[in-house]
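Notes follow the structure.
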Amino acid sequence: MSTRGPRTGVSAPRLVLLLPPLLALAACGGDGGGSAATAPAPPPPPPPPPQPLSWSGVPESETIKVRERKEVSLSLSAAVTADYAHSASNANVTVAGESPRAGTYRLRITGEEAGETTITVTAMADGYETATASFPLTVELRTLEWSVLPDGIEMEVGEERTVQLELNSPVLPELEIETPGDIVAAAAECVIGACEMTVRGLVGGESVITVTATADGYTEAAGGIGVFVDDPFDPALWRELVFDAFECPSGFTKESCRNLWGDRAVEERITAVLPATPDFHILTRAATRSGTWRFTSRQVDTIEEAIHDAVEQLTGTPFRGRITTGTRLKDEYGWVDVVPLGNAQWTGRPPCGSAGVGRTEGVILINTDRLDDCDLLPLAMHEVGHALGFFHALNLGDYLMSPLLTEIPSVFSETEQFHARLAVGLGRGAPYTPDPRKTSVTSFPNTGVSASGPLLRLEDIRLDGMVQCPLH
Ligand SMILES: [Zn+2]
């Protein structure tokens with residue numbers, strides 16, 4: 001070093017002088033007294049600090065349905081072999097887990113019941129920090145809905161209807177049915193995924209049937225079915241057609257009332273429907289002191305047609321009785337005589353026809369002098385209606401039993417037919433009830449309504465004992 005000194009100038013000698021003490025200090029520290037032969041073995045080096053380990057792919061949250069299974073795959077930040085553990089904070093799920101390869105863990109979560117839970121997953125590997133992750137999970141009810149419901153039901157009182165209801169899921173539901181207003185009665189039987197509901201109309205009106213299906217693990221399926229129950233029963237028509245409330249509202253105001261009812265009020269009257277379909281006897285010629293009248297063969301045909309039509313429409317059963325023709329009155333029990341007469345037979349303004357109502361020896365008079373303006377077919381049907389036991393009912397232009405027809409129909413209205421068949425079903429002699437469908441009486445004695453006696457001769461026909469049918 002000295003040889004270099006002169007060439008290196010002032011700074012070099014300074015470095016030389018300073019370095020040896022520093023090196024000496026370092027040497028002393030390094031040996032630290034370990035240089036002696038009897039000293040203990042050096043301690044093992046301390047373990048290296050654990051390396052960080054974390055999960056990735058952790059969802060922010062998950063949602064599944066009851067009985068639904070979902071897989072969630074998580075990865076560790078290092079592909080290490082680890083011990084894994086998982087847990088759920090709520091027992092509304094079951095969780096299974098497996099590690100398909102180092103550093104990954106796959107959860108299989110099944111929803112058991114609706115609710116919230118937190119899923120926690122832990123991984124422990126040598127030399128690594130414990131990695132923990134958790135995420136919230138919601139278990140929702142499955143959706144149950146009606147997939148098939150009828151749009152609406154239209155029915156009549158007393159009618160029964162079966163309708164199919166279908167659910168969107170194959171479950172056996174508990175079904176609750178509400179029928180507000182008791183317009184209908186409804187009951188149902190359910191199988192998996194569907195119900196068969198029977199609905200019966202009780203009274204006229206509108207309502208909505210609510211059907212609510214429930215099943216474990218599902219939302220509630222609620223649905224409404226609009227229902228309209230038509231009530232063809234008209235209490236006013238019932239009183240008029242069957243109990244003579246139109247022309248004889250309370251007591252007796254006319255001879256026709258006196259003959260059948262005396263002075264009894266409507267509520268005390270009884271049906272005069274004939275006990276069985278009568279037979280008809282058409283007089284082709286009738287002679288009285290006032291004159292002689294005839295039915296042409298064409299008119300006889302029309303009357304026969306009217307008998308068939310009227311009996312079938314009013315009783316609901318085809319006419320199976322006899323129809324005979326002749327020139328002498330039959331005037332027998334169960335027979336209705338159909339007699340041609342003329343204007344001269346009546347006093348005052350002559351009607352188109354007349355008839356005894358529900359008489360067991362019946363009679364129908366047709367005014368042949370007025371057949372130019374009285375249409376024979378509807379006139380004869382109208383009179384057959386009387387002969388079977390029905391009275392006048394006021395409904396201009398629609399009811400064939402109206403006494404004041406402006407447009408004469410050639411068929412009994414559905415309403416008339418409905419009420420007439422009700423009366424026929426009750427039978428002769430049934431007492432008045434406001435609604436016969438609610439009467440459970442099944443038979444009545446054939447009493448209380450009597451014929452006004454045999455006619456014997458045409459002259460004995462008492463016109464004032466019959467309903468008069470102007471039809472105009
Ligand atoms: Zn009449």
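The values are calculated or read from the model by the stated rules, or taken from the named source; none is laboratory data. The structure presented is a predicted model; accordingly, all values stated were derived computationally and were not measured. Please note: Cβ atoms are built from the backbone with ideal geometry, for glycine as well, and neighbour counts cover all protein chains shown. Calculation scope for accessible area: heavy atoms of the full protein, side chains included, ligands and nucleic acids excluded. Shrake-Rupley method; radii C 1.70, N 1.55, O 1.52, S 1.80 Å.
Going by the structure shown, is Val384 of a type in the set (A, V, I, L, M, F, W, C), under 43 Å from the mean Cα position of the chain (by Cα) and buried (at least 24 other Cβ atoms within 10 Å of the Cβ)?
Working: of a type in the set (A, V, I, L, M, F, W, C): yes; under 43 Å from the mean Cα position of the chain (by Cα): yes; buried (at least 24 other Cβ atoms within 10 Å of the Cβ): yes.
When the stated conditions are applied, Val384 passes them.
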Do you know which of the residues in segment 301-320 that are among the small types (Gly, Ala, Ser) and closer than 21 Å to Met466 by Cβ is nearest to the chain's Cα centre (by Cα)?
Ala310
For segment 395-404: of the residues being within 29 Å of Ala276 (Cβ to Cβ) and within 12 Å of the ligand (Cβ to nearest atom), which is surrounded by the fewest Cβ atoms within 10 Å (Cβ to Cβ)?
Pro403
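Give me the strands (runs of 3 or more DSSP E) completely within segment 63-120, filtered to those with at least 3 residues that are open to solvent by 70 Å² or more (accessible area, probe 1.4 Å), ordered by residue number. Step through it out loud before you land on a result.
Values: elements: 69-76, 83-88, 93-98, 104-111.
Of the strands (runs of 3 or more DSSP E) lying wholly inside segment 63-120, those with at least 3 residues that are open to solvent by 70 Å² or more (accessible area, probe 1.4 Å) span 69-76.
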Considering every residue within segment 42-51, establish whether at least one is open to solvent by 60 Å² or more (accessible area, probe 1.4 Å), closer than 30 Å to Glu113 by Cα and more than 49 Å from the chain's Cα centre (by Cα).
no
Which one of Thr302, Thr325, Thr296 is free of Cβ contacts under 8 Å to residues at least 12 places away in the same chain and of a type in the set (Val, Ile, Thr)?
Thr296
Condition test on Leu377, is it part of a helix (DSSP H, G or I) and within 16 Å of the ligand (Cβ to nearest atom)?
yes
If you take the residues in segment 170-215 that are touching a residue at least 40 places away in the same chain (Cβ under 8 Å) and charged (D, E, K, R), which one is surrounded by the fewest Cβ atoms within 10 Å (Cβ to Cβ)?
Glu174
List the pairs whose first member sits in segment 269-292 and is under 18 Å from Ile323 (Cα atoms), whose second member is part of a strand (DSSP E or B) and open to solvent by 10 Å² or more (accessible area, probe 1.4 Å), and whose Cβ atoms are under 6 Å apart, counting only residues at least 6 apart or on separate chains?
Asp279/Trp335; Phe280/Ile323; His281/Thr324; His281/Trp335; Ile282/Thr325; Thr284/Thr325; Arg285/Arg294; Ala286/Trp293
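Of all residues in segment 137-173, count the ones that are of a type in the set (Ser, Thr, Tyr) and not in a strand (DSSP E or B).
So the answer is 2.
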Which listed residue is within 16 Å of the ligand (Cβ to nearest atom), at positive phi and among the small types (Gly, Ala, Ser), from Gly389, Gly334:
Gly389
